[in-house]
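Visitor: Got a structure for you, written out below as structure tokens; questions coming shortly.
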Amino acid sequence: MTKIISEVNLANIARDKYLRDLINRMNNGMIKVVTGVRRSGKSYLLFKLFYEYLLSQGVLESHIIKIELDQRKNRIYRDPDVILDYIETLIEDDKQYYILLDEVQMLNDFEEVLNSLLHISNVDIYVTGSNSKFLSKDVITEFRGRGDEIHVFPLTFKEFMQVYDGDMYRGFADYIVYGGLPLISTMKTETQKVNYLTNLFNETYLKDIIERNHIEKTQELENLINVLASAIGSLTNPPKIQATFKSSIGLAISINTIRQYIEYLEDAFIISKAQRYNVKGRKYIGTPLKYYFEDIGLRNARLGFRQVEETHLMENIIYNELRYRGYSVDVGVVEKREMSENGKQIRKALEIDFVANLGSQRYYIQSALSMPTPEKQIQKKTSLINVADSFKKIIIVKDIVNVKRDENGIVTMSIYDFLLKENSLDL
């Protein structure tokens, strides 16, 4: 039932970016692997949007082989020899065939099956997989350089607003609390949304991680998730988290366990990290770094919707939007020399919320809920002014403002312009 409701909702949402990603990879000789956090719309993308695209391009239905391996009626095809024999019987000529497999982790020895299919010259392969048993790193290690990943994020704010019944201000107020999992946009009451996100995190995401990694001390994992959820937008590292366990929770946990559990959470697409980058020195600093949640609704649910701080959540939304647009995102550090009170010259490290890179493009971005005073403006602009290069520098605020550029070339824009307008970073 959940999948049906989600598909009805998604029918009104244009997920053109991902469809283009699939189209651009057609017939490239690789296994196209659609990954992403559960309930983000992977199956709908492949089995509805891409399938319809193939038909629109004149591909015959008989040349599109679709198998949803999570359906009970298809359980026979979870046997590797059975599914290979079945697919081979459907290939009757030398024209191109498209193989679409959903929940491929339910197929025994799926790595061998997919690599075997690659040896058939006139097939193009597309799969989705659950992140309980099938992760980004599996694509790299198991397919011997023949895996091509398309990562699907939860709905962006722009996608969310395509089906939201209200204006963008109320929409953002909902989005910053409940996030962008597609099914959320079909729900009418707060109780529905809260229960859905809370149960989904506990009964699906958490159980996936525990099952895959054979975790016995589950309370340690849950406590770590709570610590990370409370610290989005803040610099942290395993020693700091270890100290928090001791001081706030009253428990001891090893640094190695913290590192391992963080890796599990990253593998499952629950969190991702932004490393610190010395802009002038052009090198990564290492720890501490920042962690952000792939969906802020899940983050808020984990904390019982008790810590909904707009400042940090807006920063998380900006980070997710940049990654959705294809940028690699770091936390910038700029060193500034200034005089101390005793007349000695000291170096001060200034932070830039995000350094976004894509090919030859780079943007320096600050997130600010508002800048009501000249002092606040100076605080946000100082680090940007001290960057020596000519790449664009932007401050994103929640206030409703027209896009404007100051005498230092620093652009200020509203979060709504950033999230909703095409090519907003170039406004």
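Visitor: If the limit is 30 Å between Cα atoms, which of 240/283; 280/376; 246/273; 188/421; 42/240; 188/392 go over it?
Guide: 42/240; 188/392
Visitor: Return the whole-Å distance between the Cα centroid of the range 206-260 and the Cα centroid of the range 276-354.
Guide: The range 206-260 and the range 276-354 have Cα centres spaced 20 Å from each other.
Visitor: Next up: For the range 129-255, give the percent of accessible area contributed by carbon and sulfur heavy atoms, probe 1.4 Å, rounded to a whole number.
Guide: 49
Visitor: Under a point-charge model restricted to the Cβ atoms of Lys and Arg (+1) and Asp and Glu (-1), what is the dipole moment magnitude of the range 250-347 relative to its Cα centre, in debye to the nearest 20?
Guide: Charge dipole, the range 250-347, about its Cα centre: 500 debye, nearest 20.
Visitor: What does the extension gain come out to for residue 285 and residue 403, with contour length at 0.36 nm per residue minus their alpha carbon separation?
Guide: 39.2 nm
Visitor: While we're on this one: Relative contact order of the chain: what whole-number percent is it, with Cα pairs under 8 angstrom and at least 6 residues apart?
Guide: 13
Visitor: Here's a follow-up. Working from the pairwise distances between different alpha carbons, so that the mean of 1/r is found and then inverted, what is the range 8-80's Kirkwood radius in Å?
Guide: Roughly 13.9 Å, rounded to one decimal.
Visitor: Note the direction-averaged projected area, equal to a quarter of the hull surface, for the Cα convex hull of the range 1-132, in nm².
Guide: 8.0
Visitor: Continuing with the same structure: Calculate what fraction, in whole %, of the accessible area of the range 293-366 sits on carbon and sulfur atoms when a 1.4 Å probe is rolled over the protein chains.
Guide: The value for the range 293-366 is 42 percent carbon and sulfur by accessible area.
Visitor: So, with +1 on the Cβ of K and R and -1 on the Cβ of D and E, and no other charges, what is the size of the charge dipole of the range 159-243 about its Cα centre, to the nearest 20 debye?
Guide: With Lys and Arg at +1 and Asp and Glu at -1, about 160 debye.
Visitor: For residue 376 and residue 61 in the same chain, what is the full-extension length gain: residue separation times 0.36 nm, less their Cα-Cα distance, in nm?
Guide: Full-extension gain reported as 107.4 nm.
Visitor: Nearest 20 debye, what's the magnitude of the dipole of the chain about its Cα centre given +1 on Lys and Arg Cβ and -1 on Asp and Glu Cβ?
Guide: It works out to roughly 1820 debye.
Visitor: Highest GNM mean-square fluctuation, the chain, Cα pairs closer than 10 Å: which of 43, 360, 247?
Guide: 360
Visitor: Still on this structure, please answer the following. Quick check for you: which residues of the range 366-384 have the amide N under 18 Å from the point 7 Å beyond the Cα of residue 338 toward its beta carbon?
Guide: Hits in the range 366-384 for residue 338 at 18 Å: 373-384.
Visitor: Rank by packing, highest mean first: peptides 331-342, 362-373, 293-304, 98-109, with packing defined as the count of other Cβ atoms within 10 Å averaged across residues.
Guide: Top of the packing list down: 293-304, 98-109, 362-373, 331-342.
Visitor: What translational diffusion coefficient, to the nearest whole µm²/s, does the chain have by Stokes-Einstein, given a Kirkwood radius computed over alpha-carbon pairs, a temperature of 10 °C and 1.306 mPa s viscosity?
Guide: After rounding, the answer is 68 µm²/s.
Visitor: If 63, 151, 312, 214 are ordered by their accessible area, calculated over protein heavy atoms with a 1.4 Å probe, which sequence runs from highest to lowest?
Guide: 214, 312, 151, 63
Visitor: Translational diffusion coefficient of the range 82-238 at 10 °C, 1.306 mPa s, Stokes-Einstein with Kirkwood Rh over Cα pairs, in µm²/s as a whole number.
Guide: 82
Visitor: Right, here's the next one. Which percent of Cα pairs goes in each bin when the distances of the range 334-390 are cut into 5 angstrom slices starting at zero?
Guide: 4, 16, 21, 21, 18, 11, 6, 2, 1
Visitor: With both partners inside the chain, how many of the DSSP beta bridges are antiparallel, as a percent to the nearest 5?
Guide: Close to 45 percent.
Visitor: Still on this structure, please answer the following. Given a 1.4 angstrom probe, what's the average accessible area per residue across the chain, in square angstrom?
Guide: Dividing the accessible area of the chain by its residue count gives 47 Å².
Visitor: Related question: Can you tell me the convex hull volume per residue for the range 346-421, based on C-alpha atoms, in Å³ to the nearest whole number?
Guide: 109
Visitor: Which of 154, 238, 182 ends up with the largest GNM mean-square fluctuation for the chain, with Cα atoms connected below 10 Å?
Guide: The residue with the greatest mean-square fluctuation here is 238.
Visitor: Could you give the length gained by full extension between residue 247 and residue 303, i.e. 0.36 nm per residue of separation minus their alpha carbon distance, to one decimal place?
Guide: Stretched fully, the residue 247-residue 303 segment lengthens by 18.3 nm.
Visitor: How big is the C-alpha Rg of the range 297-427 next to the rule-of-thumb value 2.2 N^0.38 Å, as a ratio?
Guide: Scaled against compact globular proteins, the figure is 1.14.
Visitor: Which whole-number percent gives the relative contact order of the range 199-331, counting Cα pairs below 8 Å spaced six or more residues apart?
Guide: Here the relative contact order equals 27 percent.
Visitor: A further question follows. Over the range 137-276, what is the relative contact order in percent, taking alpha-carbon pairs closer than 8 angstrom and at least six residues apart?
Guide: It rounds to 15 percent for the range 137-276.
Visitor: Once the principal axes of the Cα atoms of the range 70-124 are found, what is the range along each, listed largest first in whole angstroms?
Guide: 31, 21, 17 Å, listed from the longest principal axis down.
Visitor: Ok, one more. Can you give me the distance in nm between label points at residue 358 and residue 24, each placed 7 Å from the Cα along the Cα-to-Cβ direction?
Guide: With each label placed 7 Å out from Cα toward Cβ, I get 0.9 nm.
The values are calculated or read from the model by the stated rules, or taken from the named source; none is laboratory data. As the structure is a computational prediction, the values presented were derived from the model and not from experiment. Because the Cβ atoms are built from the backbone with ideal geometry, glycine has one as well, and the counts that use them run over all protein chains shown. For accessibility, only protein heavy atoms count, side chains too; no ligands or nucleic acids. Shrake-Rupley method; radii C 1.70, N 1.55, O 1.52, S 1.80 Å.
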